[in-house]
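Here the structure comes first, spelled out in C-alpha cells, and everything after it is commentary.
Nothing in this text is a laboratory measurement; each read-out follows from the coordinates by a stated rule. Worth saying up front: this structure is predicted, and the values here are computed from it rather than measured. Heads up, the Cβs are rebuilt from the backbone with ideal geometry, glycines too, and the neighbour counts pull from every protein chain shown.
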Amino acid sequence: MSEPRILVLDEGTTSTRAMLYAPDGRRLGMAQAELAQHYPQPGWVEHDAAEIWEKSLACARDMVALAGGADHVAAIGITNQRETVVAWDRRTGEPLAPAIVWQDRRTADHCAALRQAGEEDAIQRRTGLVLDPYFSATKMRWLLDHAPAVAAAGDALAFGTVESWLVWKLTGGLHVSDASNASRTQLMALDGTEWDRGLCDLFGVPPRALPEICDNIGAFGETRAEWFGRPIAIRGLMGDQQAATIGQGCLTPGDAKATLGTGAFVLANMGSNVPVSRHRLLGTLLCRLPGETSYALEGSLFVAGSLIQWLRDELGLIATAEETEALARSMPDSGGVTMLPALAGLGAPHWRAEAKGMIHGLTLGTKRAHIVRAALESLSHQLHDLSGAFAADGVPWRVLRVDGGMSANDWIAQDLADILNLPVDRPADVETTAKGAAMLAAVGGGLFPSLREAASAMGAGTRRFAPALPGDRRAARLEGWRTLLAVSAFSPV
C-alpha cells in the first residue's frame with residue numbers, strides 16, 4: 001500500500017459526507033449529499049434512514065475511488081448526529097419507521113410526566129442529562145407506542161443511533177453503539193459501561209433491542225466486500241460533538257470548544273471527573289478507551305445554522321448562507337431588532353421545550369439586513385448564557401475554540417469574541433468533527449499509538465479573534481437579549 005488513507009463518514013443533520021484524509025491531517029477530498037428534512041407535524045422532525053444509508057454509501061464510494069481503491073484505505077471512522085433514533089428489522093435490515101431526529105419535540109409530554117413524577121433529579125444524577133425530548137429514550141418509547149411495525153417486530157427489533165445503523169448496514173449485521181453515543185440515550189449511567197436495566201424499565205425500552213456498547217477505538221468489523229470491492233476495517237466511532245472536541249485537540253481538562261453547525265454545542269473536557277452540573281448543563285462521556293474514560297460538561301443549543309437555513313428556505317431573506325456576513329457588516333447594529341431562535345424550543349441552560357421563536361423590535365424602518373444581523377447576534381447571546389452556566393459550574397472558558405460551518409463566517413467569530421469577552425480560536429480546517437473521527441480511525445488502524453500523537457501529527461494552525469467591542473455596547477446588547485427573554489413568556493434561569 002502507498003501512503004495509507006483514512007475514510008471518514010460524517011453523517012450530519014442536513015447532509016451526509018464522506019471525507020478522505022492523509023495521516024498528516026490533510027483533507028484530500030469530500031463528497032456530500034443533502035438529506036431531506038421531514039416535518040409531518042409542528043415540532044416533529046424526521047429523516048428517512050434508507051436515504052441516510054444510500055447517500056452515505058454513495059459518498060463513501062466516491063472517496064474510495066479517489067483513494068485509488070479500497071486497498072489504499074487503512075481504516076474507516078464514523079461520526080454522526082447524536083440522539084436521532086433509527087428502528088429497523090434484524091431479519092431484513094430495513095427501517096421500520098421514519099428516524100426521529102434529535103431536534104424533534106413530540107415527546108415533550110412524556111418528559112413532563114416523568115418530571116412531574118419526580119424522576120428528573122435521579123435521571124440527571126445517573127445519566128448527566130436533563131429530561132428533554134432531545135434525548136433518545138423517549139423517542140424509542142414513542143416508536144413502540146405509535147409505529148405499528150416497530151411494536152410488532154418483537155425480537156427482530158433493533159434500535160440504534162445513526163452510527164449503529166451505518167455499522168449494521170456496512171458490515172451486514174454487527175449491532176454496536178460506541179460509548180459516546182450510548183451516553184446520549186438516557187439509557188446508560190454516565191459512570192457505567194452497559195445499558196442500565198433500571199433506566200430501560202423507567203423509559204419502557206427493551207434492552208434486547210439495543211446494541212452492544214463498545215469503546216470509541218476498536219475493531220468494529222469490516223465492510224462487506226460488495227460495497228467497496230474488498231472489506232475495509234471500521235476502527236473509530238464517536239458522536240459528532242465529542243469527535244469535534246477530539247478534532248480540536250481539547251485533550252486537557254478545561255479545554256473548551258463550540259461547534260457551530262445545525263445546532264451549537266459547547267463541550268469542556270473534564271478529564272476523569274464525572275461531571276455534575278448545578279446550572280442545567282449536561283454531563284456526557286467524551287471518550288472511552290480500554291482502561292480510560294474521559295468526560296465532558298456540555299451545553300447544547302438546538303438552533304444555530306438551521307436558523308440561517310430557515311431565513312433562506314422559509315422566509316426567503318437570503319439566497320445563500322454566505323451572504324449573511326456582508327449583510328451583517330452593512331449595518332452598524334441590528335436597528336433594535338432582537339431574535340429568540342427557539343424554532344425547536346430552547347436548550348441549555350434554559351431547557352424550555354415549549355418556547356417558540358420571536359423577532360422583537362420591528363419598525364417600519366427595519367430592513368432585511370437588520371433581521372439577518374439579529375439572527376447572527378442571537379448565537380452570541382445564547383453562548384453568553386452558556387458561558388455563565390459553565391463558569392458557575394466551576395469550568396470558566398479561558399479560550400473558546402470554534403469549528404463547524406458557521407464558524408467560517410469571520411463576522412460571527414468576531415462577534416462571539418466581543419460578546420463573550422474572551423479570545424476565540426478557529427482552526428484552519430473548521431471540519432473538526434470529521435478530523436476527530438479520522439484521528440480515532442488512525443489510532444485504531446495502527447497509524448498512531450495514541451490520540452495525543454494523532455492530534456499532534458494531524459493538527460493545523462489557528463486564527464485568533466480578540467475582543468474589540470466597547471464595554472457599553474456589549475452591555476447594551478446583553479440587556480436587549482435579557483429583555484427579549486423577559487417578554488417571551490418565561491423567566492430565564
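Tabulated values for the structure
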read-out	value
Given the chain, longest segment not containing exposed loop GluC sites (Glu not before Pro) (DSSP; at most 15 other Cβ within 10 Å)	355-493
Cβ-derived FRET efficiency at R0 41 Å, Gln41 paired with Ser330, nearest 0.05	0.60
Amide H contacts of Ala189 (H built 1.01 Å from N, under 5 Å, at least 5 apart or other chain)	Asp196
Net charge contributed by nearby residues that have their C-beta within less than 13 Å of Asp240 (K/R +1, D/E -1)	-3
The stretch 15-103 - percent relative contact order, Cα under 8 Å, separation 6 or more	27 percent
C-alpha center-to-center spacing [the stretch 208-251, the stretch 18-90] in angstrom	12 Å
Size of charge dipole - the chain - debye, nearest 20, with Cβ of Lys, Arg +1 and Asp, Glu -1, no other charges	620 debye
Cα gyration tensor category, rounded, prolate or oblate, for the stretch 66-125 with a/c compared to 1.5	prolate
Residue-wise HN-Hα coupling along the stretch 88-93, computed from phi with Karplus coefficients 6.51, -1.76, 1.60 (Hz; x: Gly, Pro)	9, 9, 4, 6, 9, x
The stretch 127-135 - phi-based ³J(HN,Hα) in whole Hz, Karplus 6.51/-1.76/1.60, Gly and Pro as x	10, x, 10, 7, 6, 7, x, 3, 8
Loop sites in the stretch 83-118: trypsin sites (Lys or Arg not before Pro), DSSP, at most 10 other Cβ within 10 Å	Arg91
From phi via Karplus (6.51, -1.76, 1.60), per-residue ³J(HN,Hα) for the stretch 45-58 in Hz, x at Gly/Pro	9, 10, 10, 8, 4, 5, 5, 4, 5, 4, 6, 5, 5, 4
Order by protection proxy (mean Cβ within 10 Å, highest first), peptides 418-426, 272-280	418-426, 272-280
Net charge dipole size for the stretch 5-240 [Lys, Arg +1 and Asp, Glu -1 on Cβ; Debye, nearest 20]	320 debye
Under 5 Å, built H, 5+ apart or other chain: amide partners of Ala355	Leu346
Whole-angstrom gap from the stretch 407-421 to the stretch 282-298, using each part's C-alpha centre	28 Å
Whole-Å distance, taken between Cα centres, linking the stretch 145-201 and the stretch 465-484	44 Å
Computed over the stretch 5-240: relative contact order in percent, which uses C-alpha pairs under 8 Å that are six or more apart	21 percent
Under DSSP loop assignment and at most 16 Cβ neighbours within 10 Å, longest chymotrypsin sites (Phe, Trp or Tyr not before Pro)-free interval of the chain	45-489
Coil-residue trypsin sites (Lys or Arg not before Pro) of the stretch 393-485, DSSP, other Cβ within 10 Å capped at 16	Arg398
Over the stretch 5-240: Kirkwood hydrodynamic radius from C-alpha pairwise inverse distances, Å	18.1 Å
Pairs beyond 32 Å (Cα-Cα), from Lys169/Lys356; Lys55/Lys139; Lys55/Lys435; Lys139/Lys257; Lys139/Lys169	Lys169/Lys356
Degrees separating the helix 136-146 axis from the principal Cα axis of the chain, which is the longest one	70 degrees
Acute angle (nearest 10 degrees) that the helix 432-444 long axis makes with the longest principal axis of the chain, alpha-carbon atoms	30 degrees
In degrees, nearest ten, helix 368-392 long axis to first principal axis of the chain (Cα)	70 degrees
